[in-house]
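K.L.:
Before I ask anything, let me first share the structure, which is written out below as structure tokens.
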Amino acid sequence: AQKITQTQPGMFVQEKEAVTLDCTYDTSDPSYGLFWYKQPSSGEMIFLIYQGSYDQQNATEGRYSLNFQKARKSANLVISASQLGDSAMYFCAMREISTGNQFYFGTGTSLTVIP
Amino acid sequence: NAGVTQTPKFQVLKTGQSMTLQCAQDMNHEYMSWYRQDPGMGLRLIHYSVGAGITDQGEVPNGYNVSRSTTEDFPLRLLSAAPSQTSVYFCASSYGPTGLEQFFGPGTRLTVL
């Protein structure tokens, strides 16, 4: 079974609008971390935001917020006020603490911001 | 700090050749890992290390070897390259086993003919 599922291969958003990128995960480990990374066309991986499984509040980092719904096992990324520079691939990832700290990545969502 | 560095940036191999992808970090991170990125597959973990002298297999370890003799270096060896190993390889590191953020290197684009 897939540990991380990203069901949106491609998304479009108008500049200055908000967009939600979906991510669901599968784990039986009670202790885990959820991450979002951005990969622009230049290829580097850029860390955006982190949510721990025991965190009560949704994580926020500037224009990025993580909508964490533990019971649904979802960790959607919300980007507010989209900018042209947000056009990139976005990867959701999970780290299971009790199984050797392995990271699992989703297949990614390609976001295009339209002027 | 240079962060995570990888060499080479590009490499072309013939089937059956061997080579080592180099990875180094200067942040004194305990945790280091290697991923491969293929189109439509996301990143898949090849091998990882939680400290010098300790390595373990990830999701796709076959055809690759690693060692961790120092905290700074974590080389990835391709023993006998195959076309299926054509991919982009990323090295990453983080603070300790529960370090939050993974820092990624710039990647190595490998083509096996």
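K.L.:
Within the range A:31-42, take every residue that is modelled with pLDDT of 90 or more and surrounded by fewer than 19 Cβ atoms within 10 Å (Cβ to Cβ) and give me the one that is farthest from B:Phe104 (Cα to Cα).
P.N.:
A:Ser41
K.L.:
Further, regarding this structure: If you scan the range B:20-30, which residues turn out to be at negative phi and either buried (at least 17 other Cβ atoms within 10 Å of the Cβ) or assigned to a loop (DSSP other than H, G, I, E, B) (or both)? Walk me through how you get there before you give the answer.
P.N.:
Just the residues of the range B:20-30 that are at negative phi, to begin with: B:20-27, B:29-30.
Scanning the range B:20-30 gives B:Leu21, B:Cys23, B:Ala24, B:Gln25, B:Asp26, B:Met27, B:His29, B:Glu30.
K.L.:
Does B:Lys14 count as away from every other protein chain (no Cβ under 14 Å), among the basic types (Lys, Arg) and in contact (Cβ under 8 Å) with a residue 24 or more places away in the chain?
P.N.:
yes
K.L.:
Filter the range A:52-72 for residues that are buried (at least 16 other Cβ atoms within 10 Å of the Cβ) and of a type in the set (A, V, I, L, M); which is farthest from A:Tyr90 (Cα to Cα)?
P.N.:
Looking at residues that are buried (at least 16 other Cβ atoms within 10 Å of the Cβ) and of a type in the set (A, V, I, L, M), I get A:Ala59.
K.L.:
Might you let me know whether the range A:35-58 holds any residue that is out of contact with any helix residue (DSSP H, G or I) (no Cβ under 6 Å at 6 or more places or on another chain), in contact (Cβ under 8 Å) with a residue 60 or more places away in the chain, among the small types (Gly, Ala, Ser) and within 14 Å of chain B (Cβ to nearest Cβ)?
P.N.:
no
K.L.:
Just give me the residues in the range B:32-85 being touching a Pro at 6+ places or on another chain (Cβ under 6 Å) and within 9 Å of chain A (Cβ to nearest Cβ), in sequence order.
P.N.:
Residue satisfying the conditions is B:Val50 alone.
K.L.:
Which strands (runs of 3 or more DSSP E) does the range A:1-93 wholly contain that include 1 or more residues that are among the β-branched types (Val, Ile, Thr)?
P.N.:
Here the list reads A:10-14, A:19-21, A:46-52, A:74-79.
K.L.:
Follow-up. With the requirement that a residue be more than 9 Å from every other protein chain (Cβ to nearest Cβ) and in contact with a strand residue (DSSP E or B) (Cβ under 7 Å, 6 or more places away or on another chain), what does the range B:19-31 give you? Spell out how you get there, then give the answer.
P.N.:
Going through the range B:19-31, the residues more than 9 Å from every other protein chain (Cβ to nearest Cβ) turn out to be B:19-30.
B:Met19, B:Thr20, B:Leu21, B:Gln22, B:Cys23, B:Ala24, B:Gln25, B:Met27, B:His29, B:Glu30 - these are the residues of the range B:19-31 that are more than 9 Å from every other protein chain (Cβ to nearest Cβ) and in contact with a strand residue (DSSP E or B) (Cβ under 7 Å, 6 or more places away or on another chain).
K.L.:
Within the range A:87-115, track down each residue that is farther than 24 Å from B:Asp56 by Cα and in contact (Cβ under 8 Å) with a residue 60 or more places away in the chain.
P.N.:
Answer for the range A:87-115, where residues must be farther than 24 Å from B:Asp56 by Cα and in contact (Cβ under 8 Å) with a residue 60 or more places away in the chain: A:Tyr90, A:Gly108, A:Thr109, A:Ser110, A:Leu111, A:Thr112, A:Val113, A:Ile114, A:Pro115.
K.L.:
Residue pairs, Cβ under 9 Å, 6 or more apart or interchain, first in the range A:59-77 and among the acidic types (Asp, Glu), second in a strand (DSSP E or B). List them.
P.N.:
A:Glu61/A:Leu48; A:Glu61/A:Ile49; A:Glu61/A:Tyr50
The values are calculated or read from the model by the stated rules, or taken from the named source; none is laboratory data. Remember, it's a predicted structure, so these values are computed and weren't measured experimentally. Quick reminder, even Gly has a Cβ in these numbers, built from the backbone with ideal geometry, and neighbours come from all protein chains shown.
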